[in-house]
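Report on one structure; see the data block that follows.
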Amino acid sequence: MRAIRLIRSFDPFLLFLVATVAAASLLPVRGMAAEWVGVVADLAIALLFFLHGAKLSREAIVQGIGNWRLHLLVFGSTYIVFPAIGLASVSLSGRWVDPLLLSGLLYLTLLPSTVQSSIAFTAIAGGNVAAAVCSASLSNLIGIVLTPLLVSQLMTTSGSGVQMSWHSIEAILLQLLLPFVAGHLLRPLIGGFVAGHKAILQIVDRGSILLVVYSAFSAAVVNGIWSILGWGDMAALLGLSALILAIVMGANLLAARLLKLPREDGIVLLFCGSKKSLVSGVPMAGALFAPASVGMIVLPLMIFHQLQLFVCAALAARYRRQMEAG
């Protein structure tokens, strides 16, 4: 029975990601074709955030925004606890792991939380869904501005390829924030259509990420990523990702217990405060880092993203069983 539940909880998006990396490794796009793929990927990401803006309900924001203590805890976990653990991990692992991979590991700790999966796992576990919608959405909106600032302050290691400039900030605002605001303003006109066609949002969501990953890894392959990266680096990366996730989740569970949060709010802190967004992280990396280094930078994020999905799916199912058992 456990094997059956594990199979059902398996996200096929992992296979698509692996297949995309394999395709970029075997058939990397080059030259003018690479530029066109990059343009299409940027447009797909803009469309994705436009649809997310149209999907976000103002009623849900108003309903959940009053729980300010919970939102501060989620914010602290996302933008204080995570970066502190990331800095410590990079400092302790500097001699054994490729510096560019460590830059990617630190970068993922500076990203906002996920939206869809955080809300979905909160709902499955019987948590405060309205607060989860508010916390996850605020995390992403704040992250559009805060993540580049954290990158400029914390990622000063040589070779990280950081390109902090007004052009980088402008690219993020135009590609992510502007479409999101436009979609939300047009929600009265298109919100019903988006809500009634959730499959469209999922296709755009996953398709845009796969396009960006293919473009980034094509550039990385052209620059020799697989001649630099070894199995030892991959194993260390997986171990560090698991360690970071375990520490953050443990800290959030402990904080919920010490502060005596209601069960529903503790679930929100656990799921919204321990996840990092692939949707926001991949396009931001394209704007913040040199094209040749983007593939290595987003690789830790891709590994962490899948790891957090597996762990959170198991935890959400456990909370659900506890709730149904009374």
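Computed from the coordinates by the stated procedures, all read-outs in this text should not be read as laboratory data. Everything numeric in this text was worked out from a predicted model, so none of it was measured. Note that each Cβ is placed from the backbone with ideal geometry, even for glycine, and that neighbours are counted across all protein chains shown.
May I ask you to order 190-197, 97-104, 110-117 by the average number of other C-beta atoms within 10 Å around their residues, highest value first?
110-117, 97-104, 190-197
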log10 I(q)/I(0) for the range 188-312, Debye formula on C-alpha points only (no solvent), q = 0.10, 0.18, 0.23 Å⁻¹, two decimals, reads -0.45, -1.05, -1.25
Gyration tensor (Cα only) of the range 279-325 to equivalent ellipsoid, semi-axes in Å sorted down, yields 35, 9, 4
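Per the Cauchy relation, a quarter of the hull surface: what is the mean projected area of the convex hull of the alpha carbons in the range 13-319, in nm²?
Orientation-averaged projected area of the Cα hull: 15.1 nm².
Taking loop as defined by DSSP and a crowding limit of 14 other beta carbons within 10 Å, which trypsin sites (Lys or Arg not before Pro) in the range 259-322 fit? Spell out each step's value before the answer.
Details: sites: LYS260, ARG263, LYS275, LYS276, ARG318, ARG320, ARG321; in loops: LYS260, LYS275, LYS276.
Passing both the DSSP loop test and the Cβ count: LYS260.
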